[in-house]
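What follows is a single structure, written as structure tokens, with notes after it.
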Amino acid sequence: MALLRVEDLKTYFQTDAGLVKAVDGVSFTVNEQEIVGVVGESGCGKSVSWLSVMSLINPPGKIMGGKVLFEGKNLLEYTRHSPEMRAVRGAKISMIFQEPMTSLNPVLTVGEQVSEMLRWHLKMNDKEAKERTLYLMNLVGIPDAKNRYDDYPHQFSGGMRQRMMIVMAMSCNPRLVIADEPTTALDVTTQAQLLELLNEMVKEFQSSLVLITHNLGVVARYAHRIYVMYAGRVVEEGKAEDIFERPQHPYTIGLLKCTPRLDEEEGRELEPITGLPPNLINMPPTCAFLPRCKYRKERCAEEPWPPLFPVGPDHYARCLLHENAEGRVNMND
Amino acid sequence: MTKYIGQRLVQALLTLILITLIVFFMMRLLPGDPLLIYLGQRAELHDMTDEALEELRKEFGLDKPIMVQYVNWVAGALRLDLGTSIFYREDVGTLMKERFPITLYLGCIAMAVSTTAGILIGLLAAVRRGAWPDKIISPLTYIGVTIPAFWLGIILIYVFAQKLGWLPVSGFTSPFKDFVQSTRQIILPVICLSAFGVASTARQMRSSMLEVLPQDYIRTAWAKGLSERVIIIKHALKNSLIPVITLIGVGFRVMIGGSVLVETVFAIPGVGRLMVSSIFSQDYVVVQALTLVIAVLVLLINLVIDLFYGWLDPRIRYN
Ligand SMILES: Nc1ncnc2c1ncn2[C@@H]1O[C@H](COP(=O)(O)OP(=O)(O)OP(=O)(O)O)[C@@H](O)[C@H]1O
Ligand code: SF4
Ligand SMILES: [Mg+2]
């Protein structure tokens, strides 16, 4: 059963250079206790999509349309500052951001930054809030939690701060955690530990997790389903094994070819995708991947950007090769 | 924190010693013998014998070597004995005792007004950026930082005292004697004294708030579902106050300068006016004493500001 359904979400930025269609009609589904990966190059609209879900888009950005259905309600009907939206944010849907060094408030103790949420959302008193915070700090493996509760963020390492962000995100027992590149800024060992921790935490709390990353390797191990985004849209979605074993969109194929995989036996030649993603202002009406696509046909330059075609069970790709059911692509072509 | 306070205290002490040296020797470097100038003004010089002059010199300790004079002065200052005014022939401490509370009273009110009003106004302009409060506040604060205090004083007196007759033109009454009259009299001087402070604090507050609001940790606070009020007051204000506090220190120093002008314009018998008249009569004992007291005061304020900094910003406190 779907916990969250995002339908045809559009978020645009009015800039001096023109209207940036950062997110232009994306739909996502997140089921109960599911881990969903959202992958794509920098600037493809991953963060903007999920900040929109949280109603955290600042001017000049504006959510132009779509629905965010969560627990039977459309969150986009609430205004950003409304009590209804605030009751969802942090309590039912929480978010972990990419930058552990700057995402914590430098002038408040780390403990207080968690406890205030517990007092605010769960109406705990000071003592209960502190106890739960300490419990969670222990749970995520912060040594000597009792003494570190009153520390300030600058006394924590990057990895420890991100653990604190996980504590914060899990504090109110949310139904959904959105982790926006939670480990990108950290070293490889810490990255692996934190992903493992995040995975354990959402299992423990029976929450769902959206794992946003530009690195397919990161989601390979944990995600049940994956959305691949390109230029503000989803270009392929499917179960993780289908995406990795039978990718159907040329962009996904390109991504896989330039991603090292941990479970690979012998070294494979990594091939970068040539060219750059399109400018999101004045996008051509055709497939946005066209200039970089190795599989393009003449028709691709004539037809508008196609819809998502089914390419297998629960597997869709936005590519003209799949207009007809027989258009299967083999990655090793 | 204790270490931090200790460091600040030692620094303050060293600065103080330096200040006494500068104050003392700068006065001596000025051309002219203050005694002669004083006597010249009194037209007593021509009928004074050399012995009488020496006598007077001895009375003020001016016959001793300069280092001894300095040590005597510092030793006196430590005993809170700041010397005797050549001009008034009166103990400087007594001279100040009547005037200092008046200046301090006005200064404290002006300081409180400029800090609180400045912070609140700047906050409002930042939070409602681009909306009508901001559109009104921003140009006004610009005028506030550029307008000279004495000019503002004259305009205020002209409009509110002479034309409209709402407030007294000048003078000062102790608030203990007649609170209403006293308050009516200080309204215009306080506006004059705090105009710069309000405007500059508001401008700094607005810009530092606008710098803090887009920070990642504010986005985190929004993502936590907190209300705008909590986010502004708890998460943004403390961070944005850090640069504002520095400015309050500057504002205090500007205010000391301003009180000289404002006390002159509004005929308020405070130390500002004493300073002006003492400079004109080259009464170096008084000038020297006032400079020292003001320097100590500035030092104290800076110390308080440093401590406040440490309280605001844990990164300072622990490094
Ligand atoms: N404040 C803004 N003003 C103008 N354009 C913006 C703004 N924020 C985002 N965008 C545009 O929206 C597009 C999507 O940005 P988004 O942050 O969602 O990318 P992303 O997929 O999260 O990339 P990354 O991997 O770098 O985090 C970008 O191309 C950017 O140009
Ligand atoms: S539609 Fe055409 S150009 Fe676009 S990805 Fe598919 S094959 Fe390539
Ligand atoms: Mg991003």
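Some points to look at:
- Residues in region B:203-233 that are basic (Lys, Arg) and within 30 Å of the chain's Cα centre (by Cα): B:ARG203, B:ARG206.
- In region A:45-58, the residues that are more than 9 Å from ligand 3 (Cβ to nearest atom) and within 23 Å of A:ALA240 (Cβ to Cβ): A:SER49, A:VAL53
- Scope region A:121-152; condition hydrophobic (A, V, I, L, M, F, W, C) and within 22 Å of A:GLU200 (Cα to Cα); matching residues: A:LEU134, A:LEU136, A:MET137, A:LEU139, A:VAL140, A:ILE142, A:ALA145
- Residue list for region A:281-300, filter: hydrophobic (A, V, I, L, M, F, W, C) and in a helix (DSSP H, G or I): A:LEU290, A:CYS300
- Filtering B:LEU261, B:LEU274 for residues that are touching a Phe, Trp or Tyr at 6+ places or on another chain (Cβ under 7 Å) and either within 14 Å of another protein chain (Cβ to nearest Cβ) or not aromatic (Phe, Trp, Tyr) (or both) leaves a single hit, B:LEU261.
- Looking across region A:101-115, just one residue is of a type outside the set (A, V, I, L, M, F, W, C) and touching a residue at least 60 places away in the same chain (Cβ under 8 Å), and that is A:SER103.
- Reported count of residues in region A:228-252, each being within 16 Å of ligand 2 (Cβ to nearest atom) and under 19 Å from A:ALA179 (Cβ atoms), is 5.
- Listing of helices (runs of 4 or more DSSP H) fully contained in region A:134-213 that carry 3 or more residues being surrounded by 18 or more Cβ atoms within 10 Å (Cβ to Cβ) and more than 15 Å from the chain's Cα centre (by Cα): A:158-170, A:188-204
- Within region A:67-97, the only residue that satisfies the criterion of being surrounded by fewer than 19 Cβ atoms within 10 Å (Cβ to Cβ) and within 16 Å of ligand 1 (Cβ to nearest atom) is A:ARG80.
- Each residue in region A:87-106 was checked for being part of a strand (DSSP E or B) and farther than 22 Å from B:VAL212 by Cβ, and 2 pass.
A short reminder: the numbers here are calculations on the coordinates, not readings from a lab. Every value quoted in this text rests on a predicted model; they were computed, and no experiment measured them. Positions of Cβ are backbone-derived with ideal geometry, glycine not excepted, and every protein chain shown enters the neighbour counts.
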